[in-house]
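Here is the structure we will look at, set down as structure tokens.
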Amino acid sequence: MDTLRDKVAVITGAASGIGRAIARVLSGRGAHLVAVDIDGAGLKDLAGELGGGGGASVLPWRADVSNPDAFEGIRDAALQRFGRVDVVVNNVGVLTNGLPDDIPVAEWQRILDINLMSVVRSNAAFLPLLLERGSGHLVNTASFAGLFTYSYDRLPYAASKAAIVQISEGLAIYLRPKNIGVTLLCPGPVLTNIAAAVPTFGGGSRLRTPGDRFQLLDPAPLVAEAILRNRFFVPTHPGVVDELRRRVDDWDGYIDYQISREPH
């Protein structure tokens, strides 16, 4: 994809955090947006901020992505308004907090339904469109937590993000020969409000981070460049590559290192 101007991008989780930042950047480059979120007030605010800027349009669409029929409605609304979809950003993500023995099965189901199955449902709705046209780009937001384990306090979240890593790599192998790009966005600590209302279980557990060297960053500009350059792996900090090498070189030693990082 050589330009974002007049392309149509569907972004889930667009009302705040990473999704809102991506919406701003893509709109600033001339893309029309279908901004999806469960937060109707946040979407209205986003549409007011971006609507009409540089000729780009914003269609705010309130939806619960855990609803099995949500993406059919999003797809139909996008086609009715813009006639096409070029970019799909699967960005929705929710956290939970608790020790592994305290988080109930129902919470695992909730997290996986939102974080993982929303991507599956998105693919079911949008992949046929992109394949029929023979062009387009997918962006899936995973996490450092899906690449390497530094915590045990959010295992449902980490498991969902690890699954997104695998889905994205498989899709890239399948879709790149068909002229459809796939980007795997892996944020570490970022400027987002994902942890603003995290459910806790069993009294909760102190949120462990990947490390102090992974400072807060804004990944949105990286996403725009990845779409234009058809780049797959987009971590928000280059140091994650060294971390992955360190783990694969001595996995047992890496687990011991993570155990030693913080008191229990």
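If the Cβ limit is 9 Å and pairs must be 6+ apart or interchain, which residue in segment 29-43 that is in contact (Cβ under 8 Å) with a residue 60 or more places away in the chain pairs with which residue that is open to solvent by 10 Å² or more (accessible area, probe 1.4 Å) and hydrophobic (A, V, I, L, M, F, W, C)?
29/228
Return the pairs, sorted by first residue and then second, in which the second residue is assigned to a loop (DSSP other than H, G, I, E, B), the first residue lies in segment 145-156 and is among the small types (Gly, Ala, Ser), the beta carbons are less than 8 Å apart, and the residues are 6+ apart or on different chains.
Correct list of pairs: 145/151; 145/154; 145/210; 151/207; 151/208; 151/209.
Restricting to segment 149-176, name every residue that is closer than 14 Å to residue 112 by Cα and of a type in the set (D, E, K, R).
Of everything in segment 149-176, those that are closer than 14 Å to residue 112 by Cα and of a type in the set (D, E, K, R) turn out to be 154, 161.
With the condition kept exactly as written, say whether any residue in segment 173-190 is open to solvent by 80 Å² or more (accessible area, probe 1.4 Å), at pLDDT below 95 and within 30 Å of residue 99 (Cα to Cα).
The answer is no; no qualifying residue exists.
Hey, among 98, 48, 93, 55, which residue is at pLDDT below 95 and open to solvent by less than 10 Å² (accessible area, probe 1.4 Å)?
Answer to the selection: 98.
Working only within segment 63-83, note down all residues that are basic (Lys, Arg) and buried (at least 16 other Cβ atoms within 10 Å of the Cβ).
Once the filter is applied, which keeps residues that are basic (Lys, Arg) and buried (at least 16 other Cβ atoms within 10 Å of the Cβ), segment 63-83 yields only 75.
Given the condition under 16 Å from the mean Cα position of the chain (by Cα) and either part of a loop (DSSP other than H, G, I, E, B) or on the phi > 0 side of the Ramachandran plot (or both), answer yes or no: does some residue in segment 129-142 qualify?
Scanning segment 129-142 turns up at least one residue that is under 16 Å from the mean Cα position of the chain (by Cα) and either part of a loop (DSSP other than H, G, I, E, B) or on the phi > 0 side of the Ramachandran plot (or both).
Do we have residue 73 as in contact with a Phe, Trp or Tyr (Cβ under 6 Å, 6 or more places away or on another chain) and either farther than 20 Å from residue 164 by Cα or among the small types (Gly, Ala, Ser) (or both) here?
When the stated conditions are applied, residue 73 does not pass them.
For (1) farther than 30 Å from residue 132 by Cβ; (2) assigned to a loop (DSSP other than H, G, I, E, B); (3) in contact (Cβ under 8 Å) with a residue 24 or more places away in the chain; (4) in contact with a helix residue (DSSP H, G or I) (Cβ under 6 Å, 6 or more places away or on another chain), each residue gets a yes or a no:
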position	(1), (2), (3), (4)
27	no, no, yes, yes
68	no, yes, yes, no
80	no, no, no, no
93	no, yes, yes, yes
101	yes, yes, yes, no
111	yes, no, yes, yes
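Return the residue satisfying two criteria in turn: it lies in segment 1-25 and is in contact with a Pro (Cβ under 9 Å, 6 or more places away or on another chain) and outside any helix (DSSP H, G or I), and of such residues it is nearest to residue 133 (Cα to Cα).
Going through the qualifying residues, I end up with 14.
Within segment 142-152, how many residues turn out to be crowded, with 23+ Cβ neighbours inside 10 Å and not small (Gly, Ala, Ser)?
Adding up the residues that qualify gives 2.
The values are calculated or read from the model by the stated rules, or taken from the named source; none is laboratory data. Keep in mind that this is a model prediction, so the values were computed, not measured. Note: ideal-geometry Cβ built from the backbone for every residue, glycine included; neighbour counts use all protein chains shown. Ligands, DNA and RNA are stripped out before the accessible areas are found, and what is left, the full protein with its side chains, is counted by its heavy atoms. Shrake-Rupley method; radii C 1.70, N 1.55, O 1.52, S 1.80 Å.
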